[in-house]
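The structure appears right after this line, and notes come after that.
The values are calculated or read from the model by the stated rules, or taken from the named source; none is laboratory data. Note that this is a predicted model, so its numbers are computed, not measured. When we count neighbours, we look across all protein chains shown, and the Cβ atoms used for this are built from the backbone with ideal geometry, even at glycine.
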Amino acid sequence: MRVLIVEDEHKIANTIRDGLQQNNYAADVAYDGKEGYDLASTEDYDVIILDLMLPGMDGFTVCEKLRKEENIHTPILMLTARSSTEDKVKGLDAGADDYLAKPFSFSELMARIRALSRRPKKSLEQVLKIKDLELNTLTKQVKRSGKILDISKKEFSILEHLMRNKNAVVSRDQIISHVWDYDADVLPNTVEVFIGFLRSKIDKPFKKKPKIIKTVRGFGYTIRD
């Protein structure tokens, strides 16, 4: 899952980003409204955390422009020190999906993000199943034929993205943009290396089972049900 954090207080923004990354999320940070708007309107995110008071363009304006001008329906969580009913109503009217006042606990923020991710552009199931392969986004467990597999965080994210896009061909660039942070330095063969790691864990040990990850030469990778 990929999250955009638009927050001008660097310490808060970086703390949220680090916490999300520790929980296996890809997270990008914008420190002003204009940069946040540009990222949100050009990149693909599952949830946007948007501060209300921002330099350049305030959170109300960012949210309203994304909804009305860009037709972007990514779930938006308003994050602000202003907790009056009037501000909450204004934020929700601008198109926000939820509202969290500072100070807040990180566990509550994570709960809000999980709740928002259940009603995005397309349904995000908590447990994904294809053939005998099962991925649980809450427990972070991957099983095949009932056997728990030892999967790294990045392998898990790639596998989740492929499973959520089952029957579609996902390109290398699409995997990078969804799984890695915006400013991550990703080498040209990085995706291929991680796909190899995944195959060694979910395909090779199960020789009598059909292969899960398939390469579509010249286009990318796919998992078909």
If I filter region 141-151 for residues that are at pLDDT below 90, crowded, with 18+ Cβ neighbours inside 10 Å and over 19 Å from Leu50 (Cβ atoms), do I get at least one hit? no
Could you count how many residues in region 183-205 are in contact (Cβ under 8 Å) with a residue 24 or more places away in the chain, of a type outside the set (Lys, Arg) and surrounded by 17 or more Cβ atoms within 10 Å (Cβ to Cβ)? 5
Please work out if Asn136 is on the phi > 0 side of the Ramachandran plot and either at pLDDT 90 or above or in the same structural domain as Lys211 (by TED's automatic domain parsing) (or both). no
If a residue must be within 12 Å of Lys102 (Cα to Cα), at pLDDT 75 or above and in a loop (DSSP other than H, G, I, E, B), how many such residues does region 71-88 contain? 1
